[in-house]
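Since the structure comes first, as C-alpha cells, the remarks are kept for the end.
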Amino acid sequence: MKTIYSFLILISIYLIVQGISLKIGLNFIPKISSGEIPPAVQEPEKAETSGEIFLYILFITLIFIFLLKLNLGIIIKILMSFAMFTGISITFWSFFPFPFWIALSVLFYLIFILKRENIVISNLALILTIAGIGGYLGASLHFIPSLLLLLILSAYDIIAVFGTKHMVTLATEAKDKIPMFSVPIKERFLGIGTGDLAIPSMFTVSILQDFSFLHSLFTIFGGLIGLISLFLFILKKERVTLPALPPITIGLFLGFLLGFILL
C-alpha cells in the first residue's frame, strides 16, 4: 500500500475517534452535571482521581501479564470482549434513544465477532469502542485530573516500553487477544494501542469542562501533529516498538497552549 494511503488511514482513525468523543462529551457533560447520568469516577474534580485511575490501569495490566503466564489468554479475550461491547454501547447510547442503541450495539458487536479478521471492521469497532470510553471518561473528569493522568500515562508508556519492557511483551504475546488499530504500511502493519487514542480523546473532551470547544479543537490538531511525527519516524525504521502516547501528548499540550494563547 502506498504511504499516502497509510497516512490518510491513520489521520482518519485519529480524527474520527476525536470527533465522536467530542460529540459524546457535549451530550454527556450537561447530563452528568445535572445528575441524569452518573460520572465514570466518584470525584471528577480532584487531582488524586488521576492516580486512582492509573493504579486501576496498572492493576489490569498486571492481571493480563499474570494470565498470559498461566496460559489463560481466553480470560483476556473475554475481558476485552466485555470492554469492547461496553465502549460500543456507550457510543450508540449517546446518539440513539432506548431501545435502538441496545439493538445497534448488539448488531454491530455481532458483525465484529463474525468479521474480526477484516481490518476495516476491526478498526471501525475499535473506533466506536475507544470513542465511547474516552468520551465518557473525559466528560466525567475535569481538566486538572485529566491532564495529570495524561502525563502519568505518558511517562508510564516510556518506562513500560524502554525500561521494564513489559508492554512490549504484552503486545507480542497477546496480539491475538488484545485488539489494536491496524494501519497497513507497505508490506507490514503499524499497530496502535487503544490507550494511545483513548487517553488523548479523554483529555480533549475534559477540556470542554473548563474551556471552550475551540480549545479542544486546537488540542486535537496538536495531538495529530504528534501522531504524524511518530508515523514519519516509524517509516524509516523496521520492526521497532515505540511508545505512541508521549509524542501525541507533547502535541496535545502544545496545541492546547497555542489555543490558550490565541483564544
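No lab work stands behind these numbers, since they all come straight from the coordinates. If you're wondering where the values come from, they're calculated on a predicted model, not measured in any experiment. Heads up, the Cβs are rebuilt from the backbone with ideal geometry, glycines too, and the neighbour counts pull from every protein chain shown.
Going by C-beta contacts inside 10 Å, put Glu36, Glu52 in order with the fewest on the left. Don't jump to the answer; show the numbers that get you there.
Numbers: Glu36 9, Glu52 15.
Ordered from fewest to most neighbouring Cβ atoms within 10 Å, Glu36, Glu52 come out as Glu36, Glu52.
For Lys115, a cut-off of 20 angstrom between C-alpha atoms picks up these aspartates and glutamates, skipping any fewer than 8 places away in its own chain: Asp176.
Quickly estimate the mean residue ellipticity at 222 nm for the chain, helices only: each DSSP H run with n ≥ 4 gives -39500 (n - 2.57), and the total goes over all residues, rounded to 500. Taking each H run of at least 4 residues, the total per residue is -25500 deg cm²/dmol.
Given the C-alpha centroids of the stretch 97-170 and the stretch 198-219, what is the distance between them in whole angstrom? Cα centres, the stretch 97-170 to the stretch 198-219: 17 Å. Ordering Thr172, Leu149, Leu197 by the projection of their Cα atoms onto the charge dipole of the chain, which places +1 on the Cβ of Lys and Arg and -1 on the Cβ of Asp and Glu, puts Thr172 at the extreme positive end. Cross-link reach is defined here as a Cα-Cα straight distance under 18 Å, omitting same-chain residues fewer than 8 places apart; for Lys23 the aspartates and glutamates meeting it are Glu36, Asp210. Projected onto planes of every orientation and averaged, the convex hull of the alpha-carbon atoms in the stretch 107-192 covers 7.3 nm².
Is there a quick way to get the dipole size of the chain? I mean about its Cα centre, with the Cβ of Lys and Arg at +1 and of Asp and Glu at -1; what is the value in debye to the nearest 20? Could you put the intermediate results ahead of the total?
Working: 16 positive and 13 negative charges, 174 e Å.
Computed about the Cα centre, the dipole is about 840 debye.
What the Cβ-Cβ distance of Leu242 and Leu79 gives, at R0 = 22 Å and to the nearest 0.05, is a FRET efficiency of 0.25.
Taking the Cβ-Cβ separation of Asn118 and Glu52 as r and a Förster radius of 45 Å, what is the calculated FRET efficiency to the nearest 0.05? Mind showing how you got there, number by number?
Values: r = 37 Å, r/R0 = 0.83.
Efficiency at R0 = 45 Å is approximately 0.75.
Ordering His166, His142 by the number of other Cβ atoms within 10 Å of each residue's own Cβ, fewest first, gives His166, His142.
Centre-to-centre separation between the Cα atoms of the stretch 1-30 and those of the stretch 49-73: 27 Å. Volume per residue of the convex hull around the Cα atoms, evaluated for the chain, comes out as 127 Å³. Of all lysines in the structure, those lying under 30 Å Cα to Cα from Lys236, and not within fewer than 8 positions of it along the same chain, are Lys2, Lys165, Lys175, Lys177, Lys186.
Computed 3J(HN,Hα) for the stretch 223-234, one whole-Hz value per residue from the Karplus formula 6.51 cos²θ - 1.76 cosθ + 1.60 where θ = phi - 60°, is x, 4, 4, x, 5, 5, 4, 4, 4, 5, 5, 5, glycine and proline marked x.
Spin-label pair Leu8-Ile225: with each label point 7 Å from Cα along the Cα-Cβ axis, the two points sit 2.4 nm from one another.
Using Cβ counts within 10 Å as a stand-in for footprinting exposure, how do Val17, Val183, Val120 rank, fewest first? Mind showing how you got there, number by number?
Details: Val17 27, Val183 24, Val120 10.
With the sparsest Cβ surroundings first, the list reads Val120, Val183, Val17.
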